[in-house]
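Colleague: Would you mind keeping the following structure in view while I ask a few things?
Values in this text are rule-based calculations from the coordinates and carry no lab data. It should be emphasised that the depicted structure is a prediction, and the values quoted were computed from it without experimental measurement. Note that we place each Cβ from the backbone using ideal geometry, even for glycine, and neighbour counts take in every protein chain shown.
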Amino acid sequence: MALAINEVIRIGGGLAVIDHAAVVETLALPVGGIVVHIDVEMMAAAKSRLDAAARRLLRTLLGALRKVLDQRVRPREEESLVPVLRPTDLVRGASVRTEHLQYLGGPVRLGNGAAPDYKVISDFHIHRRTSSRSGSHRSWSGGRGSSVGGERPEFRESVVAILPSRATATGTGPMIRAVTEPSSFLVTPEDLRRHGRRTVDWVADYLTSLESYPVLATTVPGEIAAMLPRSPPELPEPFEAVLADLDRIVLPGTTHWQSPGFFGFFPANASPPAILGELVTAGLGVNGMGWATSPACTEIETVMLDWLVELLGLPARFRSESRGGGVIQDSASSATLCALLAARERAINAGAVLTDLCVYTSAEAHSSVQKGARVAGFSPARVHLIAVDEAFGMDLAALESAVQVDREAGLVPCCVVATAGTTSSMAFDPVRAIGELCRAEQAWLHVDAAMAGSAAICPELRSQHDGLELADSYAFNPHKWLLTNFDCDCLYLADRASLIDALSITPEYLRNDASESGLVLDYRDWQVPLGRRFRALKLWFVLRCYGAEGLRRHVREHVRLSRHLEGLVVADPRFELCAPPALNLTCFRHVGGDDVSERLLAELNATGRVFLSHTRLAGHYVIRCCIGGTWTTERHVAMLWELIDELAPAP
């Protein structure tokens, strides 16, 4: 007798459906609106030996399964059965034997000399492994792998075999022994080598097939969570199960930021060199909180930040051999917080009181400025959002007026956060004029160039740097446009002392000779957390594998494509531009008004082929198109315009 799982079905809760054509007995279990069909196959050679004990065992097992399902499935209404794997031809014959069987719903292991290349795990999933005896794999005929035409070994297949009853020491009954030793821990470098190759293959296949997925995830809230067990596994599962669930669970709930059809927000570039750099970072597993904890982590980061000063034409005062220097943060939000903390520290050291300190930024600045000010202890009433001009940059006259009002009230202008490339429209604040005002008021100037900063790798795109030599701090994100995957923000300071004074705490257990010598940098004092990742490694990989010229080509092509799209928008009477053209962002709207523009955006995103986001400028609903993806080419921009042309109504 054999209980066979020959087709795995995705139900709302992620259960496997047991089914087979050769039916001897069928049980339908309605659980929370889900019907699970269980069919029992008898091998022809074993039918005559199906005795009463075996039938009792079968009834017991099916009853236990009902209890397991009742416990493990969350009720959902009107679930539909969606096949994700096709029926498979597995081992069928009297030679299949179960040597270890735990309770239904728990781990089961199949050990059989005749079929050593199969393994059973919890939830009735068996994963076929490479067998030196068979030398072959099954190919998968559906899902992501089929789009690239490759075979997918070690994919999920299912079978549970139960021994016919036999005499035991306690009487007659099935031979059931509990699994006592886990057999699938990944504990050796060889395990990593074997499964690592398959994981890299999975990532490469994913990048190859990006265009086969809807850019925006189509799942509903709670759908992914419902596919996960309520409790963690008691025993280890084969790595094949983990990898298979990337396709079954993760990809359906992923918005594909690396898709060439992703034009929303700002990009989050990833690239093969950066991915491999992250792999090495994980393998090294260092905590680079100080020089002594990993000299390579610290010194490579220092040199990478100096390289970028040169590549982007930044002021020399940001280099490490000056009083300043650079450090990698996780995001521009953290960089802004650090700048605010440094500004606060300098002002308080000069005799100011925290409650009197004022922060200024434009109404179009990123929300992280207000959040960072809260975290840094500034009063919300002392954080001023300055009006913008017709190009959505900070209005200098409005800033001067706000500063004067605060001075007359006895308050202290502490920090101005200027933006070089706002999120909504890529607007640029007048950095030089703001910097001169800050010098006169002895206020800190932080420049946030999270997106636009990468463009400075092209000398012709450095106009944003006008006045940057007046800034006390500056930040940009290589993870947005320099092919270095998230997270990687570069924060520069003209004088690092204020930040270190604000954040340096050295308990006895962190003291060491290198730090005491003053000859090294301890980046733990340049950030809020103590621990830090080896983020510089992926940046090093990218800079070496692409070179400056490769990165320049990447940026220039996106700028060219954006100007091309802008020309198409301007030439079409149905649309109008909503902001001055800037780098790789185009902001436009339908002349029919906000409702028409909003419907158009919804219809574009509903195609699954593209994703764009929106904002509001001067009170109008605006469609934003940012061209910056690693894999985005002219073909994809042409496809986008074809969709816009098809879906946009007449003016």
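Colleague: Per residue of the stretch 446-458, what does 6.51 cos²θ - 1.76 cosθ + 1.60 with θ = phi - 60° give for ³J(HN,Hα)? Whole Hz please, x for Gly and Pro, Karplus curve as stated.
Modeller: 10, 10, 9, 10, 3, 8, 6, x, 5, 4, 5, 5, 9
Colleague: Just to confirm my numbers, what's the Cα centroid distance between the stretch 401-466 and the stretch 508-544 in Å?
Modeller: Cα centroid of the stretch 401-466 versus Cα centroid of the stretch 508-544: 28 Å apart.
Colleague: Another question about this same structure. For the ranges 403-411, 300-308, what's the packing order if you count other beta-carbon atoms within 10 Å of each residue, average per peptide, and put the highest first? Mind showing how you got there, number by number?
Modeller: On the way: 403-411: 13.3, 300-308: 19.7.
Ranked from most to least packed, the peptides come out as 300-308, 403-411.
Colleague: Find out how many positive minus negative residues lie around Leu411, taking Lys and Arg as positive, Asp and Glu as negative, among other residues whose Cβ is under 12 Å from that of Leu411.
Modeller: Residues close to Leu411 contribute a combined charge of -2.
Colleague: Report the gain in length on full extension from Ser401 to Arg635: 0.36 nm times residue separation, minus Cα-Cα distance, nm rounded to one decimal. Could you put the intermediate results ahead of the total?
Modeller: Numbers: separation 234, 0.36 × 234 = 84.24 nm, distance 4.88 nm.
So the extension gain works out to 79.4 nm.
Colleague: Could you give each residue of the stretch 512-522 its phi-based ³J(HN,Hα) in whole Hz, using Karplus coefficients 6.51, -1.76, 1.60 with θ = phi - 60°, and x for Gly or Pro?
Modeller: Each residue of the stretch 512-522 in turn: 7, 4, 4, 5, 5, 5, x, 9, 10, 9, 10 Hz.
Colleague: Starting with the highest mean, order 356-364, 222-230 by the number of other Cβ atoms within 10 Å, averaged over the residues of each peptide.
Modeller: With the highest mean Cβ count within 10 Å placed first, the list reads 356-364, 222-230.
Colleague: Something else about it: Using R₀ = 22 Å, calculate the FRET efficiency as 1/(1 + (r/R₀)^6) where r is the Cβ-Cβ separation of Asp594 and Glu390; round to 0.05.
Modeller: In this case the efficiency is close to 0.65.
Colleague: At 0.36 nm per residue, minus the direct Cα-Cα distance, what do Arg198 and Leu354 gain on full extension? Give it in nm, one decimal, please.
Modeller: Here the answer is 50.7 nm.
Colleague: Leu228 to Ala296: FRET efficiency via 1/(1 + (r/R0)^6), r the Cβ-Cβ distance, R0 41 Å, to the nearest 0.05?
Modeller: Efficiency at R0 = 41 Å is approximately 0.60.
Colleague: Let me ask something else. So how do 470-479, 508-517 stack up, highest first, on mean other-Cβ count within 10 Å? Write down the numbers at each step before the final one.
Modeller: On the way: 470-479: 27.3, 508-517: 11.2.
Ranked from most to least packed, the peptides come out as 470-479, 508-517.
Colleague: Another question about this same structure. Given Cα pairs under 8 Å that are at least 6 residues apart, what percent is the relative contact order of the stretch 379-470?
Modeller: Numbers: 116 pairs, mean separation 23.4, N = 92.
Result for the stretch 379-470 is 25 percent.
Colleague: Something else now. So if I take the centroid of the Cα atoms in the stretch 238-285 and the same for the stretch 610-643, what is the distance between those two points in Å?
Modeller: For the stretch 238-285 versus the stretch 610-643, the Cα centre distance is 22 Å.
Colleague: If neighbour count is taken as other Cβ atoms inside 10 Å, put Trp540, Trp444 in order from fewest to most.
Modeller: Values: Trp540 20, Trp444 25.
Sorted ascending by nearby Cβ count, the order is Trp540, Trp444.
Colleague: Give, in nm to one decimal, the length gained when the segment between Leu246 and Ala316 is fully stretched (0.36 nm per residue of separation minus the Cα-Cα distance). Mind showing how you got there, number by number?
Modeller: On the way: separation 70, 0.36 × 70 = 25.20 nm, distance 4.60 nm.
Additional length available on full extension: 20.6 nm.
Colleague: So for Trp641, Trp257, Trp481, fewest C-beta neighbours within 10 Å to most, what's the order? Before the final figure, lay out each step's value.
Modeller: Details: Trp641 15, Trp257 18, Trp481 29.
The most exposed by this proxy come first: Trp641, Trp257, Trp481.
Colleague: Based on the Cβ-Cβ distance of Ala602 and Ala571, what FRET efficiency does E = 1/(1 + (r/R0)^6) give at R0 = 22 Å, to the nearest 0.05?
Modeller: E(calc), rounded to 0.05, equals 0.35.
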